[in-house]
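Enquirer: I have a structure here, written as structure tokens, and I will follow up with some questions on it.
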Amino acid sequence: MAADKTMILIVEDEPAIAELVTFTLREAGWATYPVSSVADAWDFLQRRTPHLILLDWMLPDQTGLRLLSRIRSDRQFNEIPVIMLTAKSMEEDKIAGLDQGADDYVTKPFSPRELTARIKALLRRKSPEHAQSVMSAGAITLDPVSCSVRMEDQKIDIGHAEFKLLKFFLAHPDRVFSRSQLLDKVWGDHVVIEERTVDVHVLRLRKALKEAEYLIKTVRSVGYMLSEK
């Protein structure tokens, strides 16, 4: 499974719904990990950090709301986007979920198309580096769908790690990131890479960008940023 695929944790105990959701999200090109209890979800989070969590309200061991408040109070996970899946259409339940920190709400029964659209919108809002639209800066354009980079109209030969790094920079222009932030955001905190490896990839990225290397700026004693200025 591709390491840079968007990873979605599905916490749902009804097998038919879990199967439908898993199939729908895989069709949309996402990596899915279904679990059926709060305990299993928490166990998964100790090993991997998903890009988004689909969380059922009613679960066999605890409520999804309990897991949500635990996620939101944990510094490691509190930024993960969460969509609540629920059969409850009561207004006060929706408010309770949003108060606990849910980013969105989908009421069962839902259409697969609607669920996919809501996930895409939330990922776009929360993680611009997972967007599928073409990104550009200066003479450089990056197409996330075909995984290609062009300068003017010439295709650039670029390594996988450098592609991910460039994509992240393009999603967050004019923002400085430390080496440890780049390690976490680009490679994920479960990958063991030394901080100085980031310097090597930045060097390779600049080399690949040739005359557009000026876009990647070194900010002394802080880290790196992408800027056209």
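Enquirer: Sort 71-77, 165-171 for me by packing, meaning the mean count of neighbouring Cβ atoms within 10 Å per residue, highest on top.
Expert: Ranking, from highest mean packing down: 165-171, 71-77.
Enquirer: What's the extension gain from residue 181 to residue 206 if we count 0.36 nm per residue and subtract their Cα-Cα distance?
Expert: Extending this stretch completely gives an extra 7.1 nm.
Enquirer: Calculate the radius of gyration of the Cα atoms of the stretch 135-226 to one decimal place, then report Dmax, the largest Cα-Cα distance, as a whole number, both in Å.
Expert: Here Rg and the maximum Cα pair distance are 12.4, 37 Å.
Enquirer: Using r as the Cβ-Cβ distance of residue 219 and residue 16, and R0 as 45 Å, what FRET efficiency do you calculate, to the nearest 0.05?
Expert: Using R0 = 45 Å, I get an efficiency of 0.30.
Enquirer: Here is a follow-up. Sort 147-155, 55-63 by packing, meaning the average of other beta carbons within 10 Å per residue, with the highest value first.
Expert: 55-63, 147-155
Enquirer: Assuming 1.567 mPa s and 4 °C, estimate D for the stretch 1-112 with Stokes-Einstein, Rh taken as the Kirkwood radius over Cα pairs, in µm²/s.
Expert: Result for D is 92 µm²/s.
Enquirer: What list of ³J(HN,Hα) values in whole Hz, one per residue of the stretch 78-85 in order, does the Karplus curve 6.51 cos²θ - 1.76 cosθ + 1.60 (θ = phi - 60°) give from phi, with Gly and Pro shown as x?
Expert: Karplus values, whole Hz, x for Gly and Pro: 5, 8, 5, x, 10, 10, 7, 9.
Enquirer: Right, another one. Among 64, 159, 101, which one shows the biggest mean-square fluctuation in a GNM of the chain, springs joining Cα atoms closer than 10 Å?
Expert: Among 64, 159, 101, the largest mean-square fluctuation in the Gaussian network model of the chain belongs to 159.
Enquirer: Over what distance in Å are the Cα centres of the stretch 150-228 and the stretch 61-127 separated?
Expert: 32
Enquirer: Any idea what Rg and Dmax come out to for the chain if you just take the C-alpha atoms, in Å?
Expert: 19.4, 58
Enquirer: Continuing with the same structure: If you take the charge dipole of the stretch 1-66 about its Cα centre, with +1 on Lys and Arg Cβ and -1 on Asp and Glu Cβ, which of 18, 53, 38 is farthest toward its positive end?
Expert: Projecting each Cα onto the dipole axis, the largest value belongs to 53.
Enquirer: Could I ask something else about it? Tell me which of 200, 222, 145 sits at the most positive position along the dipole axis of the stretch 135-226, charges placed on C-beta atoms (Lys, Arg +1; Asp, Glu -1).
Expert: 222
Quick note: the coordinates plus some simple rules give every number you see, no bench work behind them. As the structure is a prediction and not an experimental result, all values here were calculated from the model. Backbone-built Cβ (ideal geometry, glycine too); neighbour counts: all protein chains shown.
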